[in-house]
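Notes to accompany the following structure.
The values are calculated or read from the model by the stated rules, or taken from the named source; none is laboratory data. Being a predicted model, the structure only gives us computed values, none of them experimental. Don't worry about glycine lacking a Cβ; one is built from the backbone with ideal geometry, like all the others, and counts go over all protein chains shown. In case anyone asks, the SASA skips ligands and DNA or RNA and just uses the protein heavy atoms, side chains included. Shrake-Rupley method; radii C 1.70, N 1.55, O 1.52, S 1.80 Å.
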Amino acid sequence: MTLRFSTAFVLFFSSLILMLGLTRCEAVVFQAGANQAVAGEQLRLPEGFKAECLYSVPKEQGSWVAMTTDPQGRLITSDQYGKLYRVSVTGSEFDVEPIDLSIGHAQGLLHAFGSLYVMAHGSEGRPAGLYRLQDRNNDDQYDHVELLRAMQGGGEHGPHAIVLGPDKESLYICAGNHTNLPEVQDSRVTKVWQEDQATPRLPDARGHAVGRMAPGGWVCKIDPDGKHFELISSGYRNEYDIAFDPNGELFTYDADMEWDVGLPWYRPTRVCHVTSGSEFGWRHGSGKWPTWFPDNLPAVLDVGPGCPTGIVFGTGAKFPAEYQNALFISDWSYGIIYAVHMQSDGASFKAEKELFCTAPALPVTDLVINPVDGAMYFLIGGRRIQSGLYRLTYEGSDSTAPAQYPAMTEAAKTRRLLEKNHGNGNQGSINEIWDQLNHSDRFVRYAARTALENNKPNDWVNKLELEKDPQTRLEAVMALARLGNASQQDLAVQGLSKLDWDQLNKEQRLHMLRDYALILIRLGTPHPATLEAIQNLARHFPSNDPELDRELSRVLAAAGVPAVVGGTIGLLETAPTQEEQIHYAIVLHNVTEGWDRGLRERYFEWFLKAAGLQGGNSFAPYLNNIREAAIKTMDADQQTELAELLAKKPTPIDPYADLKARPFVQKWGLDDLLVGNELDFSNCDTEKGKEIFSAAQCYKCHRVQGQGGIVGPDLTNAGRRFNTRDLLETLIDPSKEVSDQYQAMIFQMEDGRTVSGRVVNLNGQTYMVQEDMINPGKLTRINVSKIEDSKVSKVSMMPTGLLDNFTRQEILDLLAYMKSTSVLEASSGE
């Protein structure tokens, strides 16, 4: 059935709309007799942009999650659990027609090569996989369905997007971590992936993704007939969509594991640069790789908690230049479309996000730039909630002429040349590859090592023996550890033993530690020389650097160095963030040597103190499992000796208990702290400021230089974004100006309850509301149909009065620390 609105009907119905005071979106809802999507007028957008809700999808047409355009500019959409639809918006005529074929349930759609490609999740008796639809009799109706490749996987972590390659001759597809990698005919990723865990990891405490092994989520390049699959990149959790920039660089927006919030292996949703052969380190449970592991690549941008869905570059949009060049990414949970503004950074990019489009309960699923009219179209829906189709256009005064996209850097060109040596039959010149192993850019070094791994170690291992450059040695040893065998263990260790720790920078020290870990994991039972080399690293532990100490403790524990226990216990008790503390707890949970009674008591007493820590749904079960696993490493006599302590049960502790225990100083105001609009930092102590940052519980929600929580804004660059007065005012009065991204909603329920917080998830007629940022795993469920009224809260979710228990000098130290982190971040990026 096709829904067509004639000109006469539109004129009549428009009059009725005006009489009733309805929007266009509401008019469609009124006609269809269904619930309405959020009206376009309620969307918050940058100045000059306009949003229209074109269509509220009737319940019988499902909840739309995928979209593409055809050559005529029509939209093809898919219900998550049902059919495909074709939508035309032409002048005054608006058509919605179902595609009359037994195919749907799509989470990826693309019109290319005269066909409609559908990534279906199994329906009408068809298996999940990549399908091609064609119109073989040229009547403008699809009449033929062909399965190109079946996929083992489905659901929301199954196969997802399909996009056209920059060569216009190939397709690229992506899939989440619950989709088995299909048989590939070629791979740019070195086909030696493993879990690579130096110390035992724990599976998710609630059973999620247990047993899902590397390579995790993946990206493949395929030919139009779906016969030749080439693995491009892997190690994702659940990347829903991929997009190319005008230079042919590929990007994705990967999902977090929200149950892991507050744990050291939590990784926020993040924008990743999908380079050839890249690995991004997702492993199940506590095994996720930190960003500093050199055998995976860092994100371009950490976004925060959320649920990534559709992404698209603004290429072809009739938008101002900065938005034509932006990557638009969708967050389903928080109802946000971000504009991600890229800036070249060596061979890759760094980026800043701008909140581009948002409204309460705006679960964006997919978006496209229509090449026919230059508008952005996006969908809301998913999980059977109310779905809608929107159009965004620009009506401001800025030019919308086609923009010039920045040219590639020389480092990016070098990376691209090295990437030609990835994959089958592309070994390249070992000398040319070797020369780039010590490049100053991490992405170039990664591409060079991947190219080196495309050659047999026997073809280049003699160069390692003669090499003197530290960075080249580190990269070559990593390649040898990944490709080699037990007979080459001594050679790999010799390659590292010749390096002087004191002459290495921090990044190189982390690289050395990862190399030793890979030797322990991959090259057989450690030889005495291997254990001695690792034992010698103990003199650098603790190092007073959080990342180095995490890796030193990990490698020393993996090698069974007894001295690791005492040093790690000390860090467990003094680390400023709960993430660091939990890392040390899990490192020690399987260590059997180096303990005495006093150390064991201090270890298990930490679990009693940890009762005040908060996190996602798996947080408390993980802590319990770490403790139980540690108990099992003790023999009966040791357990008996600690029986009284082990019998104690952790009791919940007020997370603000330490702060409340401090004596009240005064209710601080801005004028109490400022002297003539200025502050004197000459006598401030940034180390004490860091201690105050911890004591004020800032780490609970905020991250600084990679440490701390993630539910609030990252404060690393706060000292650069705000002047001193504004920064201080934000701390004293957090509600004066609340970012749209962190605004709460107030829901007045029919039963008289008031629920205030951020909507972080939706399912059917249920909103999940996060009321307490300190306890992000505790969600309040409310029934949408029972909401009597709702409005945006003007009150920040950040508590007030956090500074009132500190002296003026302590507050100055805190501000000096926050400003110093911005300087350090800027210096590290140069």
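The loop-placed trypsin sites (Lys or Arg not before Pro) in the stretch 211-252, going by DSSP, that have at most 11 neighbouring Cβ atoms within 10 Å of their Cβ come out as Lys227. When the residues Thr754, Thr472, Thr724 are ordered by accessible surface, computed with a 1.4 Å probe over the protein chains alone, the sequence from largest down reads Thr754, Thr724, Thr472.
Using a cutoff of 8 angstrom between alpha carbon atoms and counting only pairs six or more residues apart, the relative contact order for the stretch 83-179 works out to 20 percent. Ratio of Rg to Rh for the stretch 57-152: 0.95 [Cα atoms; Kirkwood radius as inverse mean 1/r over pairs]. Against the chain, whose longest principal axis is taken from its Cα atoms, helix 7-20 shows a tilt of about 70°. Restriction of the trypsin sites (Lys or Arg not before Pro) in the stretch 472-528 to DSSP coil positions whose beta-carbon has at most 12 other beta-carbons within 10 angstrom yields Lys498. Each Lys and Arg Cβ is given +1 and each Asp and Glu Cβ -1; about its Cα centre, the chain then shows a dipole of about 980 debye.
Is the shape of the stretch 484-636 rounded, prolate or oblate, going by the alpha carbon gyration tensor and its root eigenvalues a ≥ b ≥ c, with a/c under 1.5 for rounded and a/b larger than b/c for prolate? Prolate, since a/c reaches 1.5 and a/b exceeds b/c. Of the cross-linked pairs Lys227/Lys318; Lys353/Lys794; Lys609/Lys660; Lys463/Lys498; Lys168/Lys318, those separated by over 25 Å at the C-alpha level are Lys227/Lys318.
Probing with 1.4 Å while keeping every protein chain in the model, the per residue accessible area of the chain equals 41 Å². Compute the angle between helix 597-609 and the longest alpha-carbon principal axis of the chain, please, reported from 0 to 90 degrees and rounded to the nearest 10. It works out to around 30 degrees. When only Cα pairs below 8 angstrom with a gap of at least 6 residues are kept, the chain shows a relative contact order of 9 percent.
For the stretch 612-635 and the stretch 50-127, compute the distance between their C-alpha centroids and round to whole Å. One Cα centre to the other: 46 Å. Sequence-distant contacts, meaning Cα pairs under 8 Å at least 6 residues apart, place the relative contact order of the stretch 503-644 at 19 percent. Compared with the dominant principal axis of the Cα atoms in the chain, helix 546-558 is inclined by about 70°. Radius of gyration (Cα atoms) of the stretch 415-457, expressed as a multiple of 2.2 N^0.38 Å: 0.99. With both labels modelled 7 Å from their Cα along Cα-to-Cβ, the Arg206 to Asp70 distance reads 4.2 nm. Computed from the C-alpha gyration tensor, the three semi-axes of the ellipsoid equivalent to the stretch 158-298 are 26, 15, 14 Å, from longest to shortest.
The GluC sites (Glu not before Pro) of the stretch 31-122 meeting both criteria, a DSSP state outside H, G, I, E and B (loop) and at most 10 other C-beta atoms within 10 angstrom of the site's C-beta, are Glu47.
Every helix of 4 or more DSSP H residues in the chain counts as -39500 (n - 2.57), and over all residues that averages to -8000 deg cm²/dmol at 222 nm.
Under the classification rounded if a/c is under 1.5, otherwise prolate if a/b is larger than b/c and oblate if not, where does the stretch 221-328 fall, given a ≥ b ≥ c as square roots of the Cα gyration tensor eigenvalues? Taking the square roots of the gyration eigenvalues as a ≥ b ≥ c, the stretch 221-328 is oblate.
Here each label is just a point 7 Å from Cα along the line to Cβ, and for Thr291 and Leu608 those points are 3.8 nm apart.
Over all other residues within a Cβ to Cβ distance under 13 Å of Gly423, the charged ones net out to 0, with Lys and Arg as +1 and Asp and Glu as -1.
Viscosity 1.567 mPa s, temperature 4 °C: give me the Stokes-Einstein translational D for the stretch 425-557 in µm²/s, with Rh taken as the Kirkwood radius over C-alpha pairs. Translational diffusion coefficient: 86 µm²/s.
Using the Cβ-Cβ distance between Gln152 and Val675 with R0 set to 51 Å, the FRET efficiency from 1/(1 + (r/R0)^6) comes to roughly 0.15. Ranked by solvent-accessible area (1.4 Å probe, protein heavy atoms only, all chains present), the residues Ser399, Ser440, Ser187 order from largest to smallest as Ser440, Ser399, Ser187.
Once the Cβ-Cβ distance of Ala636 and Asp804 is raised to the sixth power relative to R0 = 60 Å, the FRET efficiency obtained is 0.70. Where does the charge balance sit around Lys221 when Lys and Arg score +1, Asp and Glu -1, over other residues with C-beta under 12 Å from its C-beta? With Lys, Arg at +1 and Asp, Glu at -1, the net is -4. For the stretch 300-427, a Kirkwood radius taken over Cα pairs fed into Stokes-Einstein (10 °C, viscosity 1.306 mPa s) yields D = 97 µm²/s. Each of Leu812, Pro290, Gly40 was scored by the projection of its Cα onto the charge dipole of the chain, and the greatest displacement toward the positive side belongs to Pro290; charges sit on the C-beta of Lys, Arg, Asp and Glu.
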